[in-house]
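A.B. asks: Take a look at the following structure, please.
The values are calculated or read from the model by the stated rules, or taken from the named source; none is laboratory data. Computed from a predicted structure; not experimentally measured. Backbone-built Cβ (ideal geometry, glycine too); neighbour counts: all protein chains shown.
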Amino acid sequence: MEKVIDEEKQGESLVLDQKAGNTKKLFIESYGCQMNFSDSEIVASILYENGYNTTQNLEDADLVLVNTCSIRDKAEQTIRKRLQKYNAVKRDINPNMKVGVLGCMAERLKSQFLEEEKIVDLVVGPDAYKDLPNLLSEVEEGRDAINVILSKDETYGDISPVRLNSNGVNAFVSITRGCDNMCTFCVVPFTRGRERSREPQSIIAEIQDLHDKGFKEVMLLGQNVDSYLWYGGGLKKDFVKATAMEKATSVDFTQLLDQCATLFPKMRFRFSTSNPQDMHIEVIETMAKHHNICNYIHLPVQSGSTRILKEMNRQHTREEYIALVDKIYEIIPDISLSQDIITGFPTETEEDHQDTLSLLEHVKYDFGFMFSYSERPGTMAARKLEDDVPEEVKKRRLSEIVALQQTIALERTQRFLGQEMEVLIERESKRSDQQWSGRNSQNTVVVFPKENYKIGEFVMVKMTDCTSGTLIGKAVGYSELMN
Ligand code: 5AD
Ligand code: SF4
């Protein structure tokens, strides 16, 4: 299932430079979305200042932290299994090891975690990471510790994250936290709280720091980036109460993106995630204006049926979504789009499913992230709707969607053949140490012979062959971003 990324499977242990004088060892592992990986960099940075260096060896660790995901039941099961592994290590090898759970599962299960999973000493929600040093003191004194308080204004804007497991080329910079959309299937508004934006100056300062360290590409991150709005701090929903001055000096996503691209003309920018109802045409126009904003938008749709979209409390119809996509293609014809789709949402019929397939045919996404509906406790869908699509039907519909997306992806990738495209070199190809791997502006992976080029360089690559997910080419020189 190429191009179908099963988010919840990506466990990754992280390392960073060691700080002299730090004597304790932290093993930190992340699951789920990019925001979690970015948050782990913030957590490591906080603990780095409090005596902890990271280790990649679980058996050595004084403290094990797992940054968790609750988006689907499978994600939570993966983490429960990981906890069993920690348990075995603690029992057999490292009895003094402490274990903490961070992120969405911590927020969702709260103190229940301490009761259910005896191995867990520490439970910390996504807005409480600054409290970690205090909580660890509690743990050291032999008490369980918990902080799952969600915040109105925490954005960690004042913390400069350490870059973990970094290639020195790509970095995440978070710009908003939380989500106010309340899609009925989604646990995120409960685990990550209300939407708030980070101060633009701290975002620019972080990008400046990345720039100075030689990073070349920044992904601006948020649950809902198009909804970014800075007016001096506080929740997005309270903007209505802002003073005239605060309103006049507010900064929205278009302005932020424009500033980033203008201030750092030799870096490339991406952003994720966009929600159709909050996406403004000005964002697309800003993308069109700047060569260094990548021509790629992740634009989740969830379903192609207006009836299901309504049940999901998505704030748009199928027709409105299509109109938006058509407008985007009109402004940036060579853009690539990707989707998130949930199949088997309660009450979904064969006709609704056909609507999803025909939407895929119309939009022609380059990539897709497709999931079976997983009922999440506490969400509106769980409270109001019966999870009534049988598992085998969900499975069959998912495989039909994935198969169609695969066919479309191949067509979409083939459109690049014969073109010379700008590629940022990110790493050695997994298949050959003679080849580089990078991405074009449209986010498609490109592999080509290394010759004398280096990681972090922007090169023009002529595309000669492809699979559905990867372009194969040959470099023909440096791109204009290298001048
Ligand atoms: N079941 C299945 N998929 C879900 N997603 C969010 N909640 C659920 C759920 N309960 C998917 C959506 C979202 C992506 C991050 O995860 O497609 O866009
Ligand atoms: Fe969840 Fe919807 Fe918010 Fe995305 S926009 S995080 S799916 S509530």
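A.B. asks: Would you pick out the residues in region 420-443 that are of a type in the set (Val, Ile, Thr) and either out of contact with any Asp or Glu (no Cβ under 7 Å at 6 or more places or on another chain) or surrounded by fewer than 16 Cβ atoms within 10 Å (Cβ to Cβ) (or both)?
C.D. replies: Val423
A.B. asks: Among the listed residues Lys327, Lys310, which satisfies the condition of being assigned by TED's automatic domain parsing to the domain that holds Cys186, under 24 Å from Cys179 (Cα atoms) and at pLDDT 95 or above?
C.D. replies: Lys310
A.B. asks: Can you report the number of residues in region 123-132 which are surrounded by 22 or more Cβ atoms within 10 Å (Cβ to Cβ) and without any contact (Cβ under 8 Å) to a residue 40 or more places away in the chain?
C.D. replies: The number of residues fulfilling the criteria is 2.
A.B. asks: Kindly indicate the residue of region 75-116 that is of a type in the set (Gly, Ala, Ser) and without any contact (Cβ under 8 Å) to a residue 40 or more places away in the chain and also farthest from Asp127 (Cα to Cα) among those meeting that condition.
C.D. replies: Ranking the qualifying residues of region 75-116, first place goes to Ala88.
A.B. asks: Please determine, by comparing only the residues of region 272-297 that are in contact (Cβ under 8 Å) with a residue 60 or more places away in the chain and within 16 Å of Ile332 (Cα to Cα), which one is farthest from ligand 2 (Cβ to nearest atom).
C.D. replies: By that ranking, first place goes to His291.
A.B. asks: Something else: Can you give me the ranges of the helices (runs of 4 or more DSSP H) entirely in region 180-270 with at least 2 residues that are away from ligand 1 (no atom under 16 Å from the Cβ), assigned by TED's automatic domain parsing to the domain that holds Glu311 and at pLDDT below 95?
C.D. replies: 244-248
A.B. asks: Could you tell me which of the residues Leu417, Leu404, Leu481 is touching a Cys at 6+ places or on another chain (Cβ under 7 Å), surrounded by fewer than 19 Cβ atoms within 10 Å (Cβ to Cβ) and aliphatic (A, V, I, L, M)?
C.D. replies: Leu417
A.B. asks: Can you tell me which of Ala261, Ala248 is hydrophobic (A, V, I, L, M, F, W, C) and crowded, with 19+ Cβ neighbours inside 10 Å?
C.D. replies: None of the others qualify; the one that does is Ala261.
A.B. asks: If you don't mind, there's one more thing I want to ask. Which residue out of Asp131, Asp127 is of a type in the set (Asp, Glu), modelled with pLDDT of 95 or more and assigned to a loop (DSSP other than H, G, I, E, B)?
C.D. replies: Asp127
This table checks each residue for (1) outside the structural domain of Phe458 (by TED's automatic domain parsing); (2) in contact (Cβ under 8 Å) with a residue 60 or more places away in the chain; (3) not in a loop (DSSP other than H, G, I, E, B).
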residue	(1), (2), (3)
Tyr365	yes, no, no
Glu375	yes, yes, no
Lys395	yes, no, yes
Ile425	no, yes, yes
Arg431	no, no, no
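A.B. asks: Check off (1) out of contact with any strand residue (DSSP E or B) (no Cβ under 6 Å at 6 or more places or on another chain); (2) at pLDDT below 95 for Phe113 and give me the number that stays unchecked.
C.D. replies: Going through (1) out of contact with any strand residue (DSSP E or B) (no Cβ under 6 Å at 6 or more places or on another chain); (2) at pLDDT below 95 one by one, Phe113 breaks only (1).
A.B. asks: Which of (1) away from ligand 1 (no atom under 11 Å from the Cβ); (2) of a type in the set (D, E, K, R); (3) out of contact with any Leu (no Cβ under 8 Å at 6 or more places or on another chain) does Glu361 not meet, given it meets every other one?
C.D. replies: Glu361 satisfies every listed condition except (3).
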